[in-house]
1. How compact and how long is region 1-150, expressed as Rg and Dmax of its alpha-carbon atoms in Å?
2. Using a 1.4 Å probe on the protein heavy atoms only, what accessible surface does residue 9 show? Give it in Å² to the nearest 10.
3. Note down, for region 1-90, the three equivalent ellipsoid semi-axes (square root of 5 times each alpha carbon gyration tensor eigenvalue), biggest first, whole angstrom.
4. First select every other residue whose beta carbon is under 14 angstrom from the beta carbon of residue 168; then total the charges, Lys and Arg +1, Asp and Glu -1.
5. In whole percent, and with a 1.4 Å probe on the protein chains, what portion of the accessible area of region 1-90 is carbon and sulfur?
Amino acid sequence: MTEVMIGGTGTALINILFLAILFVVALAIARLRSLFAIVMLSGVYSLVSAAWYILVDAVDVGFTEAAVGAGMSTAVLLGAMLLTARTAKPEKPLKRIGPFIVCLVTGVMLIYGSIDLPALGDATSPANAGVGLTYLQINWFDTGVPNVVTSVLASYRGFDTLGETAVVFTAGLAVALLLGFGERSLAETLRKQPKAAPRPAASNTDGGAA
């Protein structure tokens, strides 16, 4: 019993640590003005989120966050940054009140909605009853994979997962082609072009300039 309590306390402390890191990174993103630093910290935020998802046994969400959030989204944002300025324009303090209120109300609604959620590992929860219980019983004998979520995504609905992966890859490739990776902003592109030579002034019949 003591070992179970120690293990539960350690898991809770790790969860608090990950959430604290996410909170600090989010504050840093909100305060920075360098777009490159914001994109890099966004990738860090997604990577820490993926690690936290795996810690709470949401392996499928963790892999998706690592691939799409920390991977493809970071690459796309870096490509988009090449077509715009490197520093965000400063905003007036009053303009931040609206987004802050929206985030605050959304957070309160999410917390209120999570009050009635079943506890982690609750045997009577909908996820552990019905078809979910069937998968728990037959998963190991069918696939030999201990993680039920992994076996469902890679075996039972493998073609669906393959289709989702193809859709995400196609969308990322389309965005990359639209952005034109490797190009700079239009102003910088025009600045690199050689300037046209000045046209010679027309002369009149007596040799003077027109």
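1. Values for region 1-150 (Cα only, Rg and Dmax): 20.0, 61 Å.
2. Its accessible surface works out to 80 Å², give or take rounding.
3. After scaling each eigenvalue by five and taking roots: 33, 16, 5 Å.
4. -4
5. That share works out to 76 percent.
The values are calculated or read from the model by the stated rules, or taken from the named source; none is laboratory data. Keep in mind that this is a model prediction, so the values were computed, not measured. Here Cβ is always computed from backbone atoms with ideal geometry, including for glycine, and neighbour counts include all displayed protein chains. Calculation scope for accessible area: heavy atoms of the full protein, side chains included, ligands and nucleic acids excluded. Shrake-Rupley method; radii C 1.70, N 1.55, O 1.52, S 1.80 Å.
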